[in-house]
Amino acid sequence: MSATKRKRNDDDQETGPAARTRSKMHALSTEDAEQLADADEAGHKPDVLVDNAQLPVAPELPVNATGKKKTTPKRASKGDPKDIHRGKPEPSGAPEVWAESRAALCNALDYFRSHQSSLHSQDGVAVGMMIDSKVGEHDIFSSQVIITSIGGGCARDDRTGEIVRVKSLEDGNAAVRNLTKAMHLKQAIVVIAGMGNKLWPTTPPHYYNILDHFHITDIWPVKTLNHGNIEFVHWMIRFEKVNLLEKSWWTPADAANPEKYMVGEHVCPAHKCGMCNGISKEKYKLGWTCLNNQCLEFFKFDGKTGDDQAHLEYTDSFLHERTEFQSARPLYPLVTALPTADEDNGFGTGKVSRNGIVCPECRRCSRRLEWERWECETDGCDFRHTIPFQIMKPQDVDDETQSFRGRQYINSNIVSKFERSIGGYGAEVYYLPGEQQGELAGSVTIFRATPDICEKPQGPDDLFAELQTSDISLRLRSEQVTSHFQSNWGAYYKFGVVVKRSKGFDEAPDAILKGLHRLTWAGKTAIDAAGKVTGEEGVAVSEGSAPAEFIPFNELLCLGYFETSVIHYHDDGEKELSPTVATLSLGSPATMRFRPKKKANIGQSSGLKSDKGNKKEVLGFTLNHGDMVVMHGTGIHKYYEHEVKPGGKLRYAMTCRHILLDLMEDEERRLESIIKGRIPDSSYRFTYHGEDMGEKLKVQVEETDVSTGSGRSVHNDEEGYVQVLDAVDNLDTELCTDDTDGEPAMDYTYDEPTMGDMGDMEEKVFTRYTDEEPVRSNMEEELVLDNTDKEPATENMDEEPAMGDMDQESTTAQHASTLVGGFMDNIMGANETLEADSTLLQTLSSEQRDIVLEICSRIAYQVSMARRQPQNNN
Ligand SMILES: O=C(O)CCC(=O)C(=O)O
Ligand SMILES: [Fe+2]
C-alpha cells in the first residue's frame, strides 16, 4: 500500500544535478536556500509514515534506546541510561508529553513519526527533531539554546562503541535540506530529548521527553578530523526556544534560570569572506572563519587548519544571541489530539486507528496495542479510548475485491503452475524449486473460494462476521514494531521471537476452532493434491522437504490487519516447524508474494536480479476472502520468504502450523504447548470436508416432524442443516457401511425426542435405525465401523486391526457405539458438553476417533441450537 511505503530516508544520499547545485550552497545564504526550497518543492514527495513493520526492534527501558537497526554494531556497554544523569538536579517542571519507547513516541505524535532518523519532516520541511545518545563534542543543551550536529555520515565503531564519522557530507543530505527549508520558511520545530543524551542539565523524568517549540537560527558546515585523522565535513544546527519568557521545564528547580537572554541583548558579529563574499558569523572563540564549504577559505582560522579545531568553543555572543521569531506557520500542538471517528475510514480500522495516542491524563504516548481500543500504557492509569468498529459486510468485501488491483505474477523460469479442481474448489498448485538441480523446495496450493462457497452457512462470510464480533484477543506485539495485530492459539510458535502469549485451543472461541478445522482439511488436501500433481506432471520431488504425510496442526496464529497494516517479507521458521503451513484469508483482498532469500542459490541462471540486495519476487497472487493457501515443504522457508499486503479496510488471516514440540528447548513451554495445542473434542463439530461432499454422497436423509412424527425427505436449508447432514452422511459412507450390500448401514432420521418438556419445539435429533432392533432406546446410536474398504489411518498403523480381523473390528465398533451412546445419554441429560471416555477413544484410530467425535459434537451442537430456538409454536 503506497501510503505505508517509505518514500525516502532522511539519510539518503542524493546524487545527480540537483544535488550538485545544492553543493554550492552557502551555509547561510537566504537566496540559495530559497532556491533550494523551490527545488525541494518540485522534486520531492512529502515524507510519509514510515512503514514500521520492517523497522528494528524498538528499544524499551532499560536498554539504551536510539532506535538503531539490528545491523548496527552493539554499543560497548548497555548500562542503564539513568546512570548518566546520577547526581544531576531535578528539573523544575515536567514535559507536556513523554514516552518510554520510540515506537510509542512515533505512533502518537504527528510531528515526530520518524522511527529511525532523528528528524521528522512533512512536505520536505522539518517539523520534529530528536536529540539522544549521539552527542557531538560541540553540542549544547541548555535552557534556551540547543546546538547539535545533523545526523548522517556516522556509524558506531564496533570495537569502542563510539560514534565515529565515516562519510563526509560536503553536499549536506536530506536532513540538512529539510532543516534549512524549515529555517527559511520559519517553521517551528518540536525538539525531543532522549535520556541517552549526556548533556541533560537535569535528570530526565522519562526516556523520551518533549522539550518545547524551537526555531532554527543557524545551519553551518564544519570540518573535523575523525579518530583516523581523516578530514570530514558535517553540519551543525542551532535552535532557539520560541517562548523566551517562560522558564524551560528541564532547567533545575532550585536554581535561578541561568540562561535568560532576550532579543537584542547580545549580537554575534558577522563578517564577509574576502574570497567568496559570503557572510559568516564569528561563532568560535578561535576566531572568524568562512563557513562556506565551497570556498577555499572554509574553516581556516587565521590560515590554520587541523588539530586546533578539535576543541572549538563557541563565543558567548553566539550562545547568548537571541533572534526575533515570528511566523505565519502554525505551531504544532505539543499534545497531539486524540483520533476521532471522523478522521477514520468508517469502519474503525483506518490509518488514524493505527496511530498511538497521547494520554490526556498522564501525557504518556501509548501505542494502539489492543485491537479493540487504546489503553494508556502507564501502570495505574486507566485511560481508554475507542473509535467504534462498524461491521464490515460481505458486500463491502465484494466492493473492495472488485476494485482491488492485486498482483498476479509468476516467473515461469523458476515456478511451475498447475490448475486442478480439488474438493469443490478451483485450485492452483505452484512448485518452487530448491537450490539443487531438480530439487523441490515445496508447493504452494491455493484453494479459491467462489461466492457460493463464501455464502454457505459456517462458511467464510459467517466466519468473517463471527471474527468481527468475537473476542479473539488480537494484540499488537509490543516488543516489536509490527503493523498487524495477532493472537496465538495452541502451541507456542516462534515467530521472529517466541510468542509471549498463547492461549489453549480449549479456550478458543468457535471462530478460531472453525478456522482450525477448515485449515486442517486444506492442509491434508493440499498435500494429497500436490503429491498427485507431482506424479501426473512429473515434477521432481526431493526427499524429506515435502513429505506426503500430513501432521495435524497444533497451533493457529490469527492476524488482524487494519487498513494500513502489512506483513513484510519473512519466513515462518524452519527449526520447530513441520512442513505444512495453511492460511485462511478473510475480509479484504491482499497480495501475497514469494522471493528467494538473498543467500539462496536460486534463480541466478534465470537472470533473477537483486533489488537492493534482495531477490525479486518469483511468485505473486491475490488472496481473496475465503481463499486458503497452503505452503508445503520446509524448503519454502529455507530458501524463500513471503509477504502479504492487504488492500482494504479489514482483513484477518488464520494460519495453522504444527510446531515440533520435541525440538522446543524450553521445557516449561513445551509442556504447556502440549496442553494448549490439544484440540478440544467438542470442536470436532466444526470438522470441514471441503465443498464436494454433497456430490460424492447421495444418502437419503429423512426428517421427522417432531409434532406429527411423520417422516419427510429433507433438503432443508435451515442454518447449518444441510451441512450437518452432509457431514454425517460422509461418515456413513466412510465408516458405517453395511458389510452385506454396501448400502449405508444406518440411516439418520429425526425422531421425537424423549426428553421431558420439549413440547412442540422443533427439536431435531439424529437417530439411527439399523435393520435390526435398536440395541437400546430409540435415542441410542450404534456404529458399525468398517475397515474393509478403507486404509487405516497411517499414524496408528501398528495398532490397527488387520483387515478382516472381525473380533478387533467389532470391539472397535462397540467402543465407538458405547462412546456415542454414552454421549447421547449425556446430552439428553441436558449436559451439552461432550465428555467422551478417553480410554475408549484411544482404542480407535485417529480417523475413527475424529469421526465419532464429530458425530457426537454435531449432534450436541444441533441439540443445543434447537434448545436455544424460541418455543413459540404453542
Ligand atoms: O496474512 C497472511 O495471509 C499471511 C500471514 C503470514 O505470513 C504468517 O502468519 O506467517
Ligand atoms: Fe508467514
Checklist entry - If you scan segment 327-362, which residues turn out to be touching a strand residue (DSSP E or B) at 6+ places or on another chain (Cβ under 8 Å) and of a type in the set (Lys, Arg)? => result none
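How many residues does segment 317-364 hold that are part of a loop (DSSP other than H, G, I, E, B) and of a type in the set (Val, Ile, Thr)? Can you show your working first?
Filtering segment 317-364 down to residues part of a loop (DSSP other than H, G, I, E, B) leaves 321-340, 344-350, 355-356, 359-363.
Keeping just the survivors that are of a type in the set (Val, Ile, Thr) gives 323, 335-336, 340, 349.
Residues meeting the conditions: 5.
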Item to check | Out of Val335, Val358, Val267, sole residue that is within 30 Å of Leu245 (Cα to Cα), aliphatic (A, V, I, L, M), open to solvent by 40 Å² or more (accessible area, probe 1.4 Å) and in contact with a helix residue (DSSP H, G or I) (Cβ under 7 Å, 6 or more places away or on another chain) | outcome: Val267
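Please verify whether Asp627 is within 16 Å of ligand 2 (Cβ to nearest atom), within 24 Å of Gln408 (Cβ to Cβ) and open to solvent by 40 Å² or more (accessible area, probe 1.4 Å), treating the condition exactly as stated.
Working: within 16 Å of ligand 2 (Cβ to nearest atom): yes; within 24 Å of Gln408 (Cβ to Cβ): yes; open to solvent by 40 Å² or more (accessible area, probe 1.4 Å): no.
It is false that Asp627 is within 16 Å of ligand 2 (Cβ to nearest atom), within 24 Å of Gln408 (Cβ to Cβ) and open to solvent by 40 Å² or more (accessible area, probe 1.4 Å).
Let's see how each residue does on (1) surrounded by fewer than 24 Cβ atoms within 10 Å (Cβ to Cβ); (2) assigned by TED's automatic domain parsing to the domain that holds Asp399; (3) within 14 Å of ligand 2 (Cβ to nearest atom):
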{"position": "Ala590", "(1), (2), (3)": "no, yes, yes"}
{"position": "Lys599", "(1), (2), (3)": "yes, yes, no"}
{"position": "Leu623", "(1), (2), (3)": "no, yes, yes"}
{"position": "His632", "(1), (2), (3)": "no, yes, yes"}
{"position": "Tyr640", "(1), (2), (3)": "no, yes, yes"}
{"position": "Glu643", "(1), (2), (3)": "yes, yes, yes"}
{"position": "Gly647", "(1), (2), (3)": "yes, yes, no"}
{"position": "Leu650", "(1), (2), (3)": "no, yes, no"}
{"position": "Leu671", "(1), (2), (3)": "yes, yes, no"}
Checklist entry - So, in segment 566-583, of the ones that are within 14 Å of ligand 2 (Cβ to nearest atom) and part of a loop (DSSP other than H, G, I, E, B), which residue ends up farthest from Tyr652 (Cα to Cα)? => result Glu574
Next on the checklist: Going residue by residue through segment 109-121, is there one that turns out to be over 30 Å from Thr180 (Cβ atoms), at pLDDT 90 or above and not aliphatic (A, V, I, L, M)?
Outcome noted: no
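Can you pull out every residue in segment 522-565 that is assigned to a helix (DSSP H, G or I) and within 16 Å of ligand 2 (Cβ to nearest atom)?
Going through segment 522-565, the residues assigned to a helix (DSSP H, G or I) turn out to be 522-537.
Matches in segment 522-565: Ala522, Gly523, Ala526.
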Item to check | Qualifying residue in segment 574-582 (condition: in the same structural domain as Ala491 (by TED's automatic domain parsing), touching a helix residue (DSSP H, G or I) at 6+ places or on another chain (Cβ under 7 Å) and buried (at least 23 other Cβ atoms within 10 Å of the Cβ)) | outcome: yes
Checklist entry - Name the residues in segment 319-372 that are closer than 19 Å to Cys106 by Cα and of a type in the set (Lys, Arg), would you? => result Lys351, Arg354, Arg363, Arg364, Arg367, Arg368
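The values are calculated or read from the model by the stated rules, or taken from the named source; none is laboratory data. Remember, predicted model here, so these are calculated numbers, not experimental data. When we count neighbours, we look across all protein chains shown, and the Cβ atoms used for this are built from the backbone with ideal geometry, even at glycine. Protein only, heavy atoms only, side chains kept; ligands, DNA and RNA dropped before computing areas. Shrake-Rupley method; radii C 1.70, N 1.55, O 1.52, S 1.80 Å.
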